[in-house]
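Enquirer: Please read through the structure below; I'll follow up with questions.
The values are calculated or read from the model by the stated rules, or taken from the named source; none is laboratory data. Here the structure is a predicted model, which means the values were calculated and not measured. Cβ sites come from the backbone with ideal geometry, for glycine too, and all protein chains shown count toward neighbours.
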Amino acid sequence: MTQFAQRIATASAAALITELVDNPAHRATRFPDLEGSLNSQNMADAAAEISRWPGYAATPLHRLPELAAWLGVREVLYKDEAMRFGLGSFKSLGGAYAVVKLVAEKCTIDKLPSNITVTTATDGNHGRSVAWGAQRAGCKAVIYIHSKVSCARETAMRQLGAKVVRVDGHYEASLAACKHDAETHGWQVVSDTSWPGYSKVPLQVMAGYSVLAREVLQQSAGSLISHAILPIGVGGLAAAVVAKLWQAMGDQLCRVISVESDLSACFLRSIEAQMPIFWDIKKETLMAGLSCGEVSSLAWDILQPTLSHCLSITDDAVAPLMRLFAHGFSDGLSIEAGECATAGLAGLLAARRDTDLWRSMGFDRSSVILLIGTEGATDPELYRSIVDGAD
Ligand SMILES: Cc1ncc(COP(=O)(O)O)c(C=O)c1O
């Protein structure tokens, strides 16, 4: 048995779907391209700006033939965000871009960037992006984290010059503290999630993320994507990817499948109810970036009509899949995949075990599947302890 065959068998046995919802509202339409939503203009603006930043380079789109053969599909494409701007995740495209836009807007002859403070709540990666954006724009950053965010992620934000405030409770508690203090001190909230009355900034965050999907379309030319498997926290990333694919594919948009942790599956619940539903998080998933209990309203408007299925998965396949990516491929390819980066493949492997489900999701020999490797070793100590551990 090859190393790949062994590792994929272990990961596949561990991967577990706890719930699956077939979206009743899923329908094929043209890309709406609406004012106030993620549209062609704001995606083009983000691409023009971000591609000018020093250090910008398209991240790799790996083709994984060994995995495709094992699954019995034509191609598996893995967009690898581990090296994005040296910050370890796709998040560096969004928060930093929104900070740059905001500072440009608020800055006047009397108000220098150094007099502007941006603030956000985060599980780590978004805060790192905001801190980096603030450093580049010359403004201050105050970042709120909850009790379970790792010390390594906290340190990474401090090293970028941000003040970091730790709050008891889960993500929602850190967001409440951030909003309260922003109101008191006149700070600018740069959130990656939107809510009624707050959408301008998160729209820019999503416009920043759409750059990765733009790259995917350029890099995958010739391989028509049939399925995009997208991890969801608040839904910003998934919505940004869908908007860009939808703009390109129109009413031929590929199937879009969301993957969430079974400990915070707020999108799945919301699609089931056909209205946004709050998920009260009781326990944190290992996939820290996916631990969000409330859907972003902007993301909801894009994903509600386009998601074909929503899955929730357990944490069991995270470690085996991180090891598979790191040293499982027979051709020597090594991919630095952090915890969240495994979510799409975990959902795919679990679906593959159930022939009826596999067929009902439209997978067959001609399928071209897009996975997003949303992060690398964003917590290096945790990454090493998992990747060097035994199966
Ligand atoms: C590594 C990683 N993957 C996925 C996500 C989910 O993105 P979103 O909250 O936009 O759905 C996050 C969010 O923080 C993340 O950090």
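Enquirer: Quick check on ALA341: is it within 13 Å of the ligand (Cβ to nearest atom) and either within 17 Å of the chain's Cα centre (by Cα) or buried (at least 21 other Cβ atoms within 10 Å of the Cβ) (or both)?
Expert: Details: within 13 Å of the ligand (Cβ to nearest atom): yes; either within 17 Å of the chain's Cα centre (by Cα) or buried (at least 21 other Cβ atoms within 10 Å of the Cβ) (or both): yes.
Judged against the criteria, ALA341 is a match.
Enquirer: Here is a follow-up. So TRP195 clears everything in (1) over 12 Å from the mean Cα position of the chain (by Cα); (2) within 13 Å of the ligand (Cβ to nearest atom) except one condition, right? Which one?
Expert: The failed condition is (2).
Enquirer: Mind listing whichever residues of the stretch 228-242 are more than 21 Å from LEU286 (Cβ to Cβ) and either surrounded by fewer than 24 Cβ atoms within 10 Å (Cβ to Cβ) or near the ligand (Cβ under 8 Å from one of its atoms) (or both)? Give the steps one after another, and end with the answer.
Expert: So in the stretch 228-242, the residues more than 21 Å from LEU286 (Cβ to Cβ) come out as 228, 239-242.
Within the stretch 228-242, ALA239, ALA240 qualify.
Enquirer: Which count do you get for residues in the stretch 249-295 that are polar (S, T, N, Q) and within 22 Å of THR342 (Cα to Cα)?
Expert: So in the stretch 249-295, the residues polar (S, T, N, Q) come out as 252, 258, 261, 264, 270, 274, 285, 291.
If we keep only those that are within 22 Å of THR342 (Cα to Cα) too, we end up with 258, 261, 264, 285, 291.
Adding up the residues that qualify gives 5.
Enquirer: When you scan the stretch 367-391, how many residues do you find that are of a type in the set (A, V, I, L, M) and part of a loop (DSSP other than H, G, I, E, B)? Steps first, answer last, please.
Expert: Of all residues in the stretch 367-391, those of a type in the set (A, V, I, L, M) come to 368-372, 377, 382, 386-387, 390.
Checking which are part of a loop (DSSP other than H, G, I, E, B) leaves us with 377, 390.
Within the stretch 367-391, residues that are of a type in the set (A, V, I, L, M) and part of a loop (DSSP other than H, G, I, E, B) number 2.
Enquirer: From the list HIS26, HIS62, which residue is surrounded by 13 or more Cβ atoms within 10 Å (Cβ to Cβ), touching an Asp or Glu at 6+ places or on another chain (Cβ under 9 Å) and farther than 17 Å from SER199 by Cα?
Expert: Values: HIS26 fails: touching an Asp or Glu at 6+ places or on another chain (Cβ under 9 Å).
Among HIS26, HIS62, only HIS62 is surrounded by 13 or more Cβ atoms within 10 Å (Cβ to Cβ), touching an Asp or Glu at 6+ places or on another chain (Cβ under 9 Å) and farther than 17 Å from SER199 by Cα.
Enquirer: Counting just the residues of the stretch 79-100 that are of a type in the set (Phe, Trp, Tyr) and crowded, with 23+ Cβ neighbours inside 10 Å, which one comes out nearest to HIS227 (Cα to Cα)? If you could, list the steps in order and put the result at the bottom.
Expert: Here is the first cut: in the stretch 79-100, the residues of a type in the set (Phe, Trp, Tyr) are 85, 90, 97.
Retained after the next criterion (residues that are crowded, with 23+ Cβ neighbours inside 10 Å): 90, 97.
Working: PHE90: 20, TYR97: 28 Å.
This residue is PHE90.
Enquirer: Going through the stretch 101-136 one residue at a time, which ones are modelled with pLDDT under 95, part of a loop (DSSP other than H, G, I, E, B) and either of a type in the set (A, V, I, L, M) or away from the ligand (no atom under 16 Å from the Cβ) (or both)?
Expert: Result: CYS107, THR108, ILE109, ASP110, LYS111, LEU112.
Enquirer: What pairs come out if I take residues in the stretch 84-104 that are without any contact (Cβ under 8 Å) to a residue 40 or more places away in the chain and pair them with residues that are away from the ligand (no atom under 14 Å from the Cβ) whose C-beta lies under 6 Å away, six or more apart or interchain?
Expert: Sorted first by the residue in the stretch 84-104, then by its partner, the pairs are VAL103/PRO113; VAL103/ILE116; VAL103/ALA137; VAL103/CYS139.
Enquirer: Has the stretch 251-270 got any residue that is under 21 Å from HIS170 (Cα atoms), in the same structural domain as ASN39 (by TED's automatic domain parsing) and free of Cβ contacts under 8 Å to residues at least 24 places away in the same chain? Can you show your working first?
Expert: Taking the stretch 251-270 as the starting set, the residues that turn out to be under 21 Å from HIS170 (Cα atoms) are 259-270.
Filter again for in the same structural domain as ASN39 (by TED's automatic domain parsing), leaving 259-270.
Going one step further and asking which of them are free of Cβ contacts under 8 Å to residues at least 24 places away in the same chain, we end up with 269.
Checked the stretch 251-270: at least one residue is under 21 Å from HIS170 (Cα atoms), in the same structural domain as ASN39 (by TED's automatic domain parsing) and free of Cβ contacts under 8 Å to residues at least 24 places away in the same chain.
Enquirer: Can you confirm whether GLY373 is modelled with pLDDT under 95 and either farther than 17 Å from ARG255 by Cα or in contact with a Gly (Cβ under 8 Å, 6 or more places away or on another chain) (or both)?
Expert: On the way: modelled with pLDDT under 95: no; either farther than 17 Å from ARG255 by Cα or in contact with a Gly (Cβ under 8 Å, 6 or more places away or on another chain) (or both): yes.
Here the answer is no, as GLY373 does not meet what is asked.
Enquirer: Kindly establish whether TYR209 is within 16 Å of the ligand (Cβ to nearest atom), within 27 Å of LEU230 (Cβ to Cβ) and surrounded by fewer than 24 Cβ atoms within 10 Å (Cβ to Cβ). Quick ask: steps written out before the conclusion?
Expert: Details: within 16 Å of the ligand (Cβ to nearest atom): yes; within 27 Å of LEU230 (Cβ to Cβ): yes; surrounded by fewer than 24 Cβ atoms within 10 Å (Cβ to Cβ): no.
Criteria not met by TYR209.
Enquirer: HIS309 is checked against (1) modelled with pLDDT of 95 or more; (2) surrounded by 22 or more Cβ atoms within 10 Å (Cβ to Cβ); (3) within 14 Å of the ligand (Cβ to nearest atom) and fails just one. What number does that condition carry?
Expert: Answer for HIS309: the failing condition is (3).
Enquirer: Could you say whether any residue in the stretch 325-335 is crowded, with 18+ Cβ neighbours inside 10 Å, β-branched (Val, Ile, Thr), more than 30 Å from LEU34 (Cβ to Cβ) and within 13 Å of the ligand (Cβ to nearest atom)?
Expert: Of all residues in the stretch 325-335, those crowded, with 18+ Cβ neighbours inside 10 Å come to 325-326, 328-329, 335.
Of the ones still in play, those that are also β-branched (Val, Ile, Thr) are 335.
Remaining after also requiring more than 30 Å from LEU34 (Cβ to Cβ): 335.
Checking the rest, the ones that are also within 13 Å of the ligand (Cβ to nearest atom) come to none.
No, every residue in the stretch 325-335 fails to be crowded, with 18+ Cβ neighbours inside 10 Å, β-branched (Val, Ile, Thr), more than 30 Å from LEU34 (Cβ to Cβ) and within 13 Å of the ligand (Cβ to nearest atom).
Enquirer: Would you pick out the residues in the stretch 148-172 that are modelled with pLDDT under 95, touching a strand residue (DSSP E or B) at 6+ places or on another chain (Cβ under 7 Å) and outside any helix (DSSP H, G or I)?
Expert: The answer is GLY169, HIS170.
Enquirer: Which residue out of LEU217, LEU203, LEU175, LEU212 is modelled with pLDDT under 95 and within 19 Å of the chain's Cα centre (by Cα)? Please lay out each step first, then the result.
Expert: On the way: LEU217 fails: modelled with pLDDT under 95; LEU203 fails: modelled with pLDDT under 95; LEU212 fails: modelled with pLDDT under 95.
Answer to the check: LEU175.
Enquirer: Which residue pairs have Cβ atoms closer than 7 Å, lie 6 or more positions apart in sequence or on different chains, and pair a first residue in the stretch 45-65 that is more than 23 Å from GLN135 (Cβ to Cβ) with a second residue that is of a type in the set (A, V, I, L, M) and surrounded by 14 or more Cβ atoms within 10 Å (Cβ to Cβ)?
Expert: Matching pairs, first to second residue: LEU61/LEU77; LEU61/VAL216; HIS62/LEU333; HIS62/ILE335; ARG63/LEU77; LEU64/VAL76.
Enquirer: Oh, and also: Please go through the stretch 345-366 and give me each residue that is assigned to a loop (DSSP other than H, G, I, E, B) and closer than 29 Å to GLY94 by Cβ, ordered by number.
Expert: Here is the first cut: in the stretch 345-366, the residues assigned to a loop (DSSP other than H, G, I, E, B) are 353-354, 361-366.
The answer is MET361, and nothing else.
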